[in-house]
1. In the stretch 1-20, what count of residues is obtained for those that are open to solvent by less than 60 Å² (accessible area, probe 1.4 Å) and modelled with pLDDT under 90?
2. Determine the pairs where a residue that is within 12 Å of Met39 (Cα to Cα), located within the stretch 73-93, has a partner that is assigned to a loop (DSSP other than H, G, I, E, B) with Cβ atoms under 6 Å apart, the partner being 6 or more residues away or on another chain.
3. Name the single residue, out of those in the stretch 48-72 being of a type outside the set (D, E, K, R), touching a residue at least 24 places away in the same chain (Cβ under 8 Å) and farther than 19 Å from Ser24 by Cβ, that is most open to solvent (accessible area, probe 1.4 Å).
4. Condition check: under 14 Å from Leu92 (Cα atoms), open to solvent by 60 Å² or more (accessible area, probe 1.4 Å), touching a strand residue (DSSP E or B) at 6+ places or on another chain (Cβ under 9 Å) and outside any loop (DSSP other than H, G, I, E, B). Does Gln38 satisfy that?
5. Answer yes or no as to whether Val50 is outside any loop (DSSP other than H, G, I, E, B) and at pLDDT 95 or above.
6. Which one of Thr85, Thr77, Thr58 is at pLDDT below 95 and among the hydroxyl-bearing types (Ser, Thr, Tyr)?
Amino acid sequence: MAKRVAVILSGCGVYDGTEVNEASAILVHLSRAGAKVQMFAPDADQMHVVNHCDGKPTEEKRNILQESARIARGEVTDVAKLDDTQFDAVILP
């Protein structure tokens, strides 16, 4: 039986969210291992938003769940709905 794994994302970007390479590597290895993965993220505004071209903060507002959907390809659930008893592992890249 496939292991069920929850992956908790925190946005999308090395400066202000989940680092994309780390998340991608985890997802590739979980896929190769045959795990059933479900992704989660907080449905809240980011504390900081960073311009990744110059590394400086901006006044822009972004939602963590929406930014995480970039990595999750749209399939991301509010972490408030996470029932950890339904998973064999929880990973925070």
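The values are calculated or read from the model by the stated rules, or taken from the named source; none is laboratory data. Worth saying up front: this structure is predicted, and the values here are computed from it rather than measured. Please note: Cβ atoms are built from the backbone with ideal geometry, for glycine as well, and neighbour counts cover all protein chains shown. In case anyone asks, the SASA skips ligands and DNA or RNA and just uses the protein heavy atoms, side chains included. Shrake-Rupley method; radii C 1.70, N 1.55, O 1.52, S 1.80 Å.
1. Residues that pass the stated criteria total 5.
2. Going by the 6 Å Cβ cut-off, the qualifying pairs are Asp78/Asp43; Val79/Pro42; Pro93/Thr18.
3. Per the criteria, the residue is His48.
4. Criteria met by Gln38.
5. Against the criterion (outside any loop (DSSP other than H, G, I, E, B) and at pLDDT 95 or above), Val50 does not qualify.
6. Thr58
Yes or no, residue by residue, for (1) small (Gly, Ala, Ser); (2) under 13 Å from the mean Cα position of the chain (by Cα); (3) at negative phi:
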| position | (1), (2), (3) |
| --- | --- |
| Glu60 | no, no, yes |
| Ser68 | yes, yes, yes |
| Thr77 | no, yes, yes |
| Lys81 | no, no, yes |
| Asp84 | no, no, yes |
